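The values are calculated or read from the model by the stated rules, or taken from the named source; none is laboratory data. Keep in mind it's a predicted model, so treat the numbers as computed, not measured. Cβ coordinates were reconstructed from backbone atoms using ideal geometry, including for glycine residues, and neighbour counts include every protein chain displayed. These area figures cover heavy atoms from the full protein model, side chains too; ligands, DNA and RNA do not enter into them. Shrake-Rupley method; radii C 1.70, N 1.55, O 1.52, S 1.80 Å.
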Amino acid sequence: MIELNNVAYSYGGDALLNDISFSLAPGSFHFLTGPSGSGKTTFLKLCYGALLPTDGDVRIFDHSARDMGRDAVAYARRRIGVVHQDCKFLDHLPVNENIALPLTVSGQATPDQFANLQELMSWVGLVGRGNALPPELSGGERQRAALARALIMSPDVILADEPTGNVDWEMSQRLLRLLVELNKMGKTVMIATHDLALIRAAKAQVSARVLRISNHTLQSAGVDL
Amino acid sequence: MKRFLEFFKPLMQADLGADRVVPPSGFTVRLTVFTSAAMAFLTVFALALSLAADRLATNWGEELARSSTIRISAPAGQMAAQTEAALKVLTQTPGVVSARALTAEEQQALLEPWFGPGLPVDQLPVPQLIEIAETAQGYDSEGLRLRLQAEAPGAVLDEHTRWRKPLVAAASRLNLLGWVSILLITATTGAMVTLAANASLAANAQVIEVLRLVGATDGYIASAFVRRYTLRVLTGAAVGTVLGFIAILLMPGGSDAGGFLTGLRFQGWHWLWPAVVPPLAALVAFAATQAAARRVLGELA
Ligand SMILES: Nc1ncnc2c1ncn2[C@@H]1O[C@H](COP(=O)(O)OP(=O)(O)OP(=O)(O)O)[C@@H](O)[C@H]1O
Ligand SMILES: [Mg+2]
C-alpha cells in the first residue's frame with residue numbers, strides 16, 4: 001500500500017531520517033515508537049504525502065509521491081485516514097461537521113455514511129458532543145474526534161499519530177479495540193505512540209509489528225518491549 | 001464547450017458545503033460588496049458618457065460632412081460659366097466627395113420662408129448655391145479658396161459649421177476616454193478582488209491545511225473562495241448598476257437645446273447596456289479569485 005525505498009529526510013539541517021526502507025502490507029498492524037523528536041510524525045507525513053523525501057522514493061498506492069500532483073495526493077488521502085498529532089479542526093464548524101468533513105470534501109456523502117457518523121461518534125464516546133465547537137472540546141475529546149474523522153471515509157489505511165496521548169487508560173483501550181476491529185475487517189493500521197503499555201495490550205489482541213526509530217533509521221523492535 | 005463548462009464548475013457545484021468550510025468574514029464581505037457597487041455605479045456613468053459622446057460625434061460629424069456651400073454671385077451672363085468652373089475645381093479637390101449645384105426649385109424652397117411663395121428666383125440676382133459633401137478628413141479650405149478665386153472670382157466658400165470640427169474630435173476623444181475609464185474600473189475591480197481574495201486565502205492557511213489533510217483537492221478549496229467572491233461582487237455590482245441606472249433615468253433628456261448635457265441618457269436599445277455590468281463584474285471577480293486561489297494554493301503546497 002505504502003512503500004519507502006531508501007528514503008532520507010531532513011528539514012534542512014542534518015538528515016533526520018536516513019536510508020529507510022519499509023513496506024506497509026495490506027491488512028497489517030504496525031506500531032511506530034521512538035523517543036520524542038526521533039521523527040515519528042515526520043515518518044507518517046512521508047507516508048501520506050505531506051512531505052516529499054529528500055532522497056529515495058515513497059510510493060503511495062503504487063504511485064511515486066514525487067510524481068503525484070496535488071490532486072492525486074488529495075485523492076490518495078481519501079483512502080488514508082490520518083489522525084494528526086495536534087488534531088487540527090475547522091474551529092467554526094461543529095464537531096459532527098468536522099468529523100464528516102472528509103465526506104463533504106469528497107463530494108460523495110451518502111446517507112449511509114452519515115449513519116456511520118452516529119455509530120462512530122458513539123464508538124469514540126462523543127455522543128452528545130456533536131454540536132460543540134472544536135475549541136470547546138478537551139484534549140482527549142479532540143483526539144477522539146480526530147480519530148472519528150480519520151475513520152469516516154472507511155479508509156484502506158489508518159495512520160494514527162499518538163491517538164491515545166490525552167485519554168485515560170480505559171478510553172485508550174476502547175480506541176485500541178476499535179482500531180483492532182477495523183484491522184480485522186481488513187484495514188491497514190499504523191499507530192505512532194510512546195505508550196508501551198498500549199502496545200503490550202494490543203499484542204494480546206492482534207499480531208502487530210513494532211517498529212522503532214532510533215539513530216535516524218527504522219528498526220524492528222523485537223518481541224520483548 | 002465542455003472545457004467552458006468545466007471552467008465554471010466551481011460556481012455550479014450544488015453542495016453548499018464548500019462555502020461553509022471557509023469561515024465567514026463579515027467586514028470584508030461588506031467592503032467587497034460596497035466597492036463592487038461603487039465600481040458598477042461608475043461604470044454605468046462612464047457607459048452613458050461614452051455612448052452620448054459617440055452619438056454626438058456621429059451627429060455632428062454627419063452635419064459636418066454636408067456642411068459647406070459655395071455661393072456664387074456673378075452677373076447673370078457669367079453665372080452659368082462660373083458655376084461650371086467652380087464645380088470643376090471641386091471635382092479636382094481632394095477631400096470633396098461630391099458637389100452639386102442646387103436647382104432653381106431647391107433655391108426657391110430655401111428662400112420661401114423669407115420671401116413667401118411665388119418668388120421669381122430666376123429674375124432676381126440671387127446667388128447660385130453649390131452644396132459640398134466632404135470626406136471625414138475634409139479638404140484643404142485655404143487651397144480651395146485660392147483656386148476658386150482664380151477660376152470663379154464670384155465664388156465664396158462658406159464653411160458655417162466647420163467650427164464644430166474640433167468639437168467632434170473632442171466628442172470622439174471623450175467617447176474613447178469613457179471606454180478607457182470602463183477598462184480601468186474593470187481592472188480596479190479585478191485588483192480589488194485579487195487583494196481581498198489573497199488576504200482571505202492567506203488568513204485561512206490553517207483551514208486550507210485541514211482541508212488538504214482530509215483530501216480536499218485544490219479545485220474544491222478554490223471553489224469555496226471563488227464562489228464567495230463571485231457572488232459578493234455580483235450582488236454589489238447589481239445594486240450599483242441599478243442605482244446608476246436610476247440616476248441616468250433621472251437625468252433630463254430629449255431636448256435639442258441642451259445638446260450634450262441633456263443627451264446623457266441612454267437611447268433605444270442602449271438602455272440594455274447596463275445589464276452587461278453585473279455579469280462582467282462577476283466574471284472579473286471569478287477570474288481574479290481563481291487566479292489568486294491557484295497562486296496561493298501553489299505557494300502553500
Ligand atoms: N516543520 C519542521 N521544520 C523543522 N524542523 C522540524 C519540523 N517538524 C519537525 N521538526 C524537527 O524534526 C524532529 C522530528 O520531529 P517529529 O515531529 O517527526 O518527531 P516525533 O518523533 O513525532 O516526536 P514526538 O514523539 O514528540 O511527537 C524534531 O527535532 C523536530 O524539531
Ligand atoms: Mg510526533
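Please verify whether A:Val127 is touching a helix residue (DSSP H, G or I) at 6+ places or on another chain (Cβ under 6 Å), more than 9 Å from every other protein chain (Cβ to nearest Cβ) and within 16 Å of ligand 1 (Cβ to nearest atom), treating the condition exactly as stated.
For A:Val127, the condition - touching a helix residue (DSSP H, G or I) at 6+ places or on another chain (Cβ under 6 Å), more than 9 Å from every other protein chain (Cβ to nearest Cβ) and within 16 Å of ligand 1 (Cβ to nearest atom) - is not met.
Return yes or no: is B:Leu176 within 14 Å of another protein chain (Cβ to nearest Cβ) and not basic (Lys, Arg)?
no
Is it the case that A:Leu4 is open to solvent by less than 20 Å² (accessible area, probe 1.4 Å), more than 16 Å from ligand 1 (Cβ to nearest atom) and either more than 14 Å from chain B (Cβ to nearest Cβ) or not in a helix (DSSP H, G or I) (or both)?
no
The rows are residues; the columns are (1) among the polar types (S, T, N, Q); (2) out of contact with any Lys or Arg (no Cβ under 9 Å at 6 or more places or on another chain).
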{"residue": "A:Val83", "(1), (2)": "no, no"}
{"residue": "A:Lys88", "(1), (2)": "no, yes"}
{"residue": "A:Asn98", "(1), (2)": "yes, no"}
{"residue": "A:Leu101", "(1), (2)": "no, no"}
{"residue": "A:Thr110", "(1), (2)": "yes, yes"}
{"residue": "A:Leu117", "(1), (2)": "no, yes"}
{"residue": "A:Glu136", "(1), (2)": "no, no"}
{"residue": "A:Glu141", "(1), (2)": "no, no"}
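Considering each residue of the range A:60-70, count those that are open to solvent by 70 Å² or more (accessible area, probe 1.4 Å) and either on the phi < 0 side of the Ramachandran plot or among the aromatic types (Phe, Trp, Tyr) (or both), and give that number.
4
So which residues in the range A:13-46 are within 12 Å of ligand 1 (Cβ to nearest atom) and under 19 Å from A:Arg77 (Cα atoms), if there are any at all?
Residues satisfying the conditions are A:Lys40, A:Thr41, A:Thr42, A:Phe43, A:Leu44, A:Lys45, A:Leu46.
How many residues does the range A:10-39 contain that are part of a loop (DSSP other than H, G, I, E, B) and either open to solvent by less than 50 Å² (accessible area, probe 1.4 Å) or on the phi < 0 side of the Ramachandran plot (or both)?
Number satisfying all stated conditions: 15.
I'd like to verify a number: residues in the range A:82-119 that are farther than 13 Å from A:Asn131 by Cα, part of a helix (DSSP H, G or I) and at the interface with chain B (Cβ under 10 Å from one of its Cβ atoms), how many?
So the answer is 6.
Give me the pairs: first residue in the range B:216-232 and facing chain A (nearest Cβ under 9 Å) and at negative phi, second residue in a helix (DSSP H, G or I) and acidic (Asp, Glu), beta-carbon distance under 8 Å, and six or more apart or on different chains, which are they?
B:Thr217/A:Asp71; B:Asp218/A:Asp71; B:Gly219/A:Asp71
So which residues in the range A:179-202 are open to solvent by 10 Å² or more (accessible area, probe 1.4 Å) and not in a loop (DSSP other than H, G, I, E, B)?
If the condition is that a residue be open to solvent by 10 Å² or more (accessible area, probe 1.4 Å) and not in a loop (DSSP other than H, G, I, E, B), then A:Glu181, A:Leu182, A:Asn183, A:Lys184, A:Leu196, A:Ala197, A:Arg200, A:Ala201 are the ones that fit.
Select from the range A:29-42 the residues that are within 15 Å of the chain's Cα centre (by Cα) and within 9 Å of ligand 2 (Cβ to nearest atom) and write down the one among them that is farthest from the other protein chains (Cβ to nearest Cβ).
A:Gly39
Give the range A:77-101 a look and list any residue that's away from ligand 2 (no atom under 16 Å from the Cβ) and open to solvent by less than 10 Å² (accessible area, probe 1.4 Å), or say none.
A:Ile80, A:Gly81, A:Leu90, A:Leu93, A:Val95, A:Asn98, A:Ile99, A:Ala100, A:Leu101
Of these, A:Trp123, A:Trp169, which one is more than 16 Å from ligand 2 (Cβ to nearest atom) and surrounded by fewer than 16 Cβ atoms within 10 Å (Cβ to Cβ)?
A:Trp169
Any chance the range A:110-119 includes a residue that's within 16 Å of ligand 2 (Cβ to nearest atom) and surrounded by 19 or more Cβ atoms within 10 Å (Cβ to Cβ)?
Scanning the range A:110-119 turns up no residue that is within 16 Å of ligand 2 (Cβ to nearest atom) and surrounded by 19 or more Cβ atoms within 10 Å (Cβ to Cβ).
Test of understanding: among B:Ala171, B:Ala136, B:Ala199, B:Ala187, which residue is in the same structural domain as B:Thr28 (by TED's automatic domain parsing), of a type outside the set (Val, Ile, Thr), in contact (Cβ under 8 Å) with a residue 24 or more places away in the chain and open to solvent by 40 Å² or more (accessible area, probe 1.4 Å)?
B:Ala199
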